[in-house]
Protein chains: 2
Amino acid sequence: MLEYIDIDYIPNDNDIVCEYMIEPASGVDFQDACTNIAGESSIDTWSDILTLGHKLASTLKPHVFEIDEISGITRIAYPTALFEVESIPQILSSIAGNIFSMKLLNNLKLMDVSFPRDVINRYNGPKFGIKGIRKLLGVKKRPLCGTIVKPKVGLNPKDHAMVAYQAWTGGMDLVKDDENLTNQKFNPFKMRVIETLNMRDKAENESGERKMYMANITASSCSEMIERAEFVKEQSGEYVMIDIIPVGWTALQTLREESESMGLVLHGHRCMHAAITRNPVHGISMQVIAKLARMVGLDQLHIGTTIGKMHGGEDEVKTLLATCKSSPVAEDRKNHVLAQEWGGLKPVLAVASGGLHPAHVPDVMRIMGQDIVMQFGGGIHAHPMGTTAGAYAVRQAIDASMDGEELYESAKKHKELRIAFEKWGQPAACQCTKS
Amino acid sequence: MLEYIDIDYIPNDNDIVCEYMIEPASGVDFQDACTNIAGESSIDTWSDILTLGHKLASTLKPHVFEIDEISGITRIAYPTALFEVESIPQILSSIAGNIFSMKLLNNLKLMDVSFPRDVINRYNGPKFGIKGIRKLLGVKKRPLCGTIVKPKVGLNPKDHAMVAYQAWTGGMDLVKDDENLTNQKFNPFKMRVIETLNMRDKAENESGERKMYMANITASSCSEMIERAEFVKEQSGEYVMIDIIPVGWTALQTLREESESMGLVLHGHRCMHAAITRNPVHGISMQVIAKLARMVGLDQLHIGTTIGKMHGGEDEVKTLLATCKSSPVAEDRKNHVLAQEWGGLKPVLAVASGGLHPAHVPDVMRIMGQDIVMQFGGGIHAHPMGTTAGAYAVRQAIDASMDGEELYESAKKHKELRIAFEKWGQPAACQCTKS
């Protein structure tokens with residue numbers, strides 16, 4: 001290996017900067033580990049190869065410019081010339097590829113990556129973003145709300161569409177398929193899209209509100225994925241959803257390319273991410289995935305709730321929210337966030353989903369703000385009075401929160417909200433002193 | 001949640017069976033954790049939803065049929081009717097999706113999955129397999145050997161082709177791009193393919209042996225990936241390689257579909273897998289990835305070496321080898337392998353790569369047999385006499401091993417092998433009693 005540690009180096013506009021958390025194997029010197037990570041993720045290999053000339057190294061070599069042996073945190077700057085910068089798979093093959101396998105490490109986590117403006121400018125980013133989605137739905141300020149049709153799988157297209165209709169007429173803006181519902185025999189994709197969009201029309205007419213359906217186009221080939229998206233468009237759908245990790249980055253970049261002319265809003269479900277992101281010391285952080293998702297151009301992305309059934313604390317969710325929405329994003333050492341300019345790339349609308357019910361609304365809004373989608377699955381369909389009543393309860397909770405009214409006050413006026421509290425418990429504010 | 005634990009249940013031909021290793025969060029009952037995993041990965045959610053009828057559940061519900069609270073090992077059978085069985089992304093969204101995020105778990109690992117014959121039959125498997133590749137190369141018995149052009153990135157197309165030529169004329173059968181070399185400015189894809197295949201022709205003419213080049217077609221969109229594959233074919237290439245985890249499963253299934261008519265051998269580089277597979281208690285095992293790769297139809301797959309620079313012990317490599325080659329694969333409880341019928345699906349040629357040098361040859365062959373590709377990067381290019389001599393040393397080691405000759409005997413006759421040992425150390429057999 002050549003020498004890559006250069007603490008005096010200051011990254012510039014031609015560098016992609018990575019922050020890693022490194023745990024060397026027993027007996028391995030920390031600096032040796034850093035050198036090997038830098039080399040293996042760029043130009044070098046384990047033995048001193050004769051074909052690696054100094055001229056080549058002088059223009060392409062990475063610089064390890066920050067090392068903290070106690071925390072394991074190390075920052076490496078890679079010249080952009082190393083990369084096919086418009087290819088997420090190629091970037092990952094370098095900065096998040098072989099290095100996870102190296103015997104001289106016990107653990108390694110890619111915490112964040114910061115891209116210079118020239119790289120960011122190669123990406124489309126979201127087509128709609130937060131403003132575009134709000135305009136489409138005609139909802140100016142309040143959080144958007146949606147449901148996942150439940151059970152996750154098993155309903156036939158007509159029953160699926162009926163559950164969607166009940167949720168829409170109860171006040172939901174959005175209805176989505178669940179992550180594992182694609183094109184099964186009991187519920188073929190095309191029949192489901194036709195039936196559900198028919199019921200969407202009915203719900204729009206009856207409610208006077210815009211209603212939208214996010215059909216899951218996750219598929220076994222890019223052509224099938226795009227065909228499903230085109231079918232949604234032909235049937236006058238506005239949205240599609242995709243399981244971003246199971247389909248992978250090449251499919252996502254393909255979808256975004258094709259969606260430019262189709263004009264569909266792209267909703268990203270992050271199922272399977274936690275196989276990679278959850279271990280605090282090994283893998284790739286959700287922060288990296290969220291950043292790549294904004295570059296590629298998903299309009300919506302699941303980032304957790306802090307509150308529901310899924311893992312993810314308040315700091316993590318706030319950090320992801322900033323990555324989705326802010327421009328620029330400021331450095332945040334505590335939460336392992338590198339500074340990031342976003343250029344003209346639109347913000348991603350963050351989605352809170354997983355185990356939410358109406359009493360969670362004020363807390364989710366306090367933590368995540370109003371520019372979010374809140375999704376309720378069991379939290380409306382398991383309402384003792386049924387799906388429509390569950391949806392009413394959610395809208396009652398959102399309306400009260402927007403008006404600055406305590407939920408327990410609203411519940412006095414609204415039976416659906418009161419019964420939701422009886423089933424799932426009171427909102428946090430009620431449990432302390434006010435009730 | 002409904003009740004999914006059913007210890008008396010015996011899986012049948014309509015079940016997909018998963019083995020998980022489960023570590024519940026503190027205070028969570030193990031059986032509750034199992035029930036929640038089974039429900040979340042199929043039809044259920046966290047609250048008792050009214051839309052989940054018993055009729056639906058009776059045909060689609062999963063069965064937790066084995067529980068071992070001490071080891072954490074649990075087996076769940078899912079009816080195939082739950083799935084879009086020809087879609088790897090949909091299958092993963094179910095059995096390896098949201099469940100990794102659940103708060104009621106500390107850790108979860110998908111150890112293996114077994115597919116019934118009806119599902120296996122929906123997949124192509126490898127087009128060439130071991131026999132097809134041996135026929136193409138005209139190599140009947142000995143292990144195939146190849147190199148990765150080094151440095152990993154940085155050479156221009158002409159220099160890249162020259163390094164390839166040196167390796168081929170030294171005796172390598174195969175030359176591959178490294179995982180992070182795709183289409184960079186210093187080495188554009190098309191120019192590299194043209195130059196390298198020209199040098200392949202020259203090496204074939206001079207050596208009288210078949211020589212093949214594995215061009216890395218990892219790309220940012222499926223159309224670009226297929227275009228690169230078509231270009232290789234037009235230029236009379238026989239092989240392409242792809243970074244299977246960074247591109248993702250939808251791209252892989254697309255590639256296999258398209259490669260059927262192109263007739264290209266598909267080589268799968270597994271970089272990034274260890275972000276998901278390496279933690280022993282969380283994520284998805286390499287066993288699962290290898291199995292899916294055989295179903296989709298990669299002809300070659302990196303599975304580790306046990307010996308070189310990358311993580312992965314002998315048991316793991318042997319298990320992966322069986323999954324690549326054997327039919328049927330027998331159950332192996334110790335190594336978390338479920339029984340698997342492979343129907344007519346051809347075997348995958350396993351690739352040993354990562355830190356190998358000539359002295360490793362006898363051990364790799366002892367562990368992995370002869371039906372493998374051994375790849376040497378630094379292990380030939382860092383040979384003190386250069387790449388061609390490094391390649392000679394590898395072939396000398398392989399020839400000796402095939403003849404049952406001790407390597408230290410062969411080294412007496414062959415300067416290249418002797419110098420390789422001087423640089424990197426003796427083969428294991430020499431270090432004990434015989435020398």
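Residues of the range B:330-375 that are within 14 Å of chain A (Cβ to nearest Cβ) and small (Gly, Ala, Ser): B:Ala352, B:Ser353, B:Gly354, B:Gly355, B:Ala359.
All of (1) within 13 Å of chain B (Cβ to nearest Cβ); (2) crowded, with 24+ Cβ neighbours inside 10 Å; (3) over 30 Å from A:Glu230 (Cα atoms) hold for A:Gly313 with one exception: (2). Take the conditions without any contact (Cβ under 8 Å) to a residue 24 or more places away in the chain, open to solvent by 10 Å² or more (accessible area, probe 1.4 Å), of a type outside the set (Lys, Arg) and out of contact with any Asp or Glu (no Cβ under 9 Å at 6 or more places or on another chain) and apply them to B:Ser326. Does it pass? Criteria met by B:Ser326. For A:Asp13, the conditions (1) crowded, with 16+ Cβ neighbours inside 10 Å; (2) outside any strand (DSSP E or B); (3) touching an Asp or Glu at 6+ places or on another chain (Cβ under 9 Å) are fulfilled apart from (1). Among the criteria (1) over 21 Å from B:Gly355 (Cα atoms); (2) modelled with pLDDT of 95 or more, the one A:Ser26 does not fulfil is (1). Inside the range B:272-296, can you point out the residues that are buried (at least 23 other Cβ atoms within 10 Å of the Cβ), in a loop (DSSP other than H, G, I, E, B) and in contact (Cβ under 8 Å) with a residue 60 or more places away in the chain? Passing the criteria: B:His282, B:Ser285.
The residues on offer are B:Gly146, B:Gly171, B:Gly154, and the sole one that is within 14 Å of chain A (Cβ to nearest Cβ) and of a type in the set (Gly, Ala, Ser) is B:Gly154.
Just one of the numbered conditions (1) of a type in the set (Ser, Thr, Tyr); (2) more than 27 Å from B:Ser101 (Cβ to Cβ); (3) part of a helix (DSSP H, G or I) is not true of A:Ser236: (3). So if I check each of B:Leu105, B:Leu82, which one is at the interface with chain A (Cβ under 10 Å from one of its Cβ atoms), under 28 Å from A:Ile217 (Cβ atoms), buried (at least 22 other Cβ atoms within 10 Å of the Cβ) and not basic (Lys, Arg)? Just one listed residue meets the conditions, B:Leu82.
One residue stands out in the range B:207-240 among those that are surrounded by fewer than 24 Cβ atoms within 10 Å (Cβ to Cβ), touching a residue at least 12 places away in the same chain (Cβ under 8 Å) and within 14 Å of another protein chain (Cβ to nearest Cβ): the one that is nearest to A:Thr250 (Cα to Cα), namely B:Ile226.
State whether the residues of the range B:396-416 include one that is assigned to a helix (DSSP H, G or I), more than 28 Å from the chain's Cα centre (by Cα) and under 24 Å from B:Pro151 (Cβ atoms). The answer is yes; a qualifying residue exists. Residue-level analysis places A:Lys55 outside the set of residues that are under 30 Å from B:Thr388 (Cα atoms), surrounded by fewer than 18 Cβ atoms within 10 Å (Cβ to Cβ) and within 7 Å of chain B (Cβ to nearest Cβ).
Residues of the range B:376-416 that are within 13 Å of another protein chain (Cβ to nearest Cβ) and not aliphatic (A, V, I, L, M): B:Phe376, B:Gly377, B:Gly378, B:Gly379, B:His381, B:His383, B:Pro384, B:Gly386, B:Thr387, B:Thr388, B:Gly390. Among the conditions (1) assigned to a helix (DSSP H, G or I); (2) closer than 27 Å to A:Asn156 by Cα; (3) polar (S, T, N, Q), the only one that B:Ser42 does not satisfy is (1). So is A:Asp299 touching a residue at least 12 places away in the same chain (Cβ under 8 Å), away from chain B (no Cβ under 12 Å) and open to solvent by 40 Å² or more (accessible area, probe 1.4 Å) or not? Spelling it out, it is not the case that A:Asp299 is touching a residue at least 12 places away in the same chain (Cβ under 8 Å), away from chain B (no Cβ under 12 Å) and open to solvent by 40 Å² or more (accessible area, probe 1.4 Å). Within the range A:359-382, being assigned to a helix (DSSP H, G or I) and of a type outside the set (D, E, K, R) holds for A:Ala359, A:His360, A:Val361, A:Pro362, A:Val364, A:Met365, A:Ile367, A:Met368, A:Gly378, A:Gly379, A:Ile380, A:His381. If I ask for residues that are open to solvent by 10 Å² or more (accessible area, probe 1.4 Å), at the interface with chain A (Cβ under 9 Å from one of its Cβ atoms) and part of a loop (DSSP other than H, G, I, E, B), which ones from the range B:242-271 would you list? Selection gives B:Arg270 alone.
When B:Tyr408 is tested against (1) within 21 Å of B:Leu321 (Cβ to Cβ); (2) touching a Cys at 6+ places or on another chain (Cβ under 6 Å); (3) open to solvent by 10 Å² or more (accessible area, probe 1.4 Å), only condition (1) is not met.
Among the criteria (1) among the aliphatic types (A, V, I, L, M); (2) under 22 Å from A:Trp46 (Cβ atoms); (3) within 14 Å of the chain's Cα centre (by Cα), the one B:Ala275 does not fulfil is (3). Taken together, B:Arg395, B:Arg418, B:Arg366 contain a single residue that is over 30 Å from A:Ile43 (Cβ atoms), among the basic types (Lys, Arg) and open to solvent by 30 Å² or more (accessible area, probe 1.4 Å), which is B:Arg366. Checking B:Ile120 against (1) under 27 Å from B:Thr250 (Cβ atoms); (2) free of Cβ contacts under 8 Å to residues at least 24 places away in the same chain, only one condition comes out false. Which one? It is condition (2) that B:Ile120 fails. Against the condition within 10 Å of chain A (Cβ to nearest Cβ), within 30 Å of B:Pro24 (Cα to Cα) and charged (D, E, K, R), how does B:Arg278 come out, does it pass? So B:Arg278 passes the test. The set of residues in the range B:369-384 being among the polar types (S, T, N, Q) and open to solvent by 10 Å² or more (accessible area, probe 1.4 Å) consists of B:Gln370 alone.
Checked against the criteria, A:Glu195 does not count as without any contact (Cβ under 8 Å) to a residue 40 or more places away in the chain, within 16 Å of A:Ala161 (Cα to Cα), open to solvent by 50 Å² or more (accessible area, probe 1.4 Å) and away from chain B (no Cβ under 13 Å).
For every residue, the table says whether it meets (1) assigned to a strand (DSSP E or B); (2) over 30 Å from A:Ser47 (Cα atoms); (3) not polar (S, T, N, Q).
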site	(1), (2), (3)
B:Leu301	yes, no, yes
B:Gly304	no, no, yes
B:Gly308	no, no, yes
B:Gly312	no, no, yes
B:Asp315	no, no, yes
B:Thr319	no, no, no
B:Thr323	no, yes, no
B:Lys334	no, yes, yes
B:Gly343	no, yes, yes
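Taking the criterion of being of a type in the set (D, E, K, R), at pLDDT 95 or above and closer than 30 Å to B:Asn121 by Cβ, the residues of the range B:272-317 that qualify are B:Lys291, B:Arg294, B:Asp299. Test of understanding: among A:Ser94, A:Ser58, which residue is at pLDDT 95 or above, assigned to a helix (DSSP H, G or I) and of a type outside the set (Asp, Glu)? Sole residue among the options that is at pLDDT 95 or above, assigned to a helix (DSSP H, G or I) and of a type outside the set (Asp, Glu): A:Ser94. One residue alone among B:Val232, B:Val193 is hydrophobic (A, V, I, L, M, F, W, C), in the same structural domain as B:Thr254 (by TED's automatic domain parsing) and in contact with a Pro (Cβ under 9 Å, 6 or more places away or on another chain), and that residue is B:Val193.
The values are calculated or read from the model by the stated rules, or taken from the named source; none is laboratory data. What you see is a predicted model, and the numbers here were worked out from it, not measured in a lab. Don't worry about glycine lacking a Cβ; one is built from the backbone with ideal geometry, like all the others, and counts go over all protein chains shown. Side chains included, ligands, DNA and RNA excluded: accessible areas come from the protein's heavy atoms. Shrake-Rupley method; radii C 1.70, N 1.55, O 1.52, S 1.80 Å.
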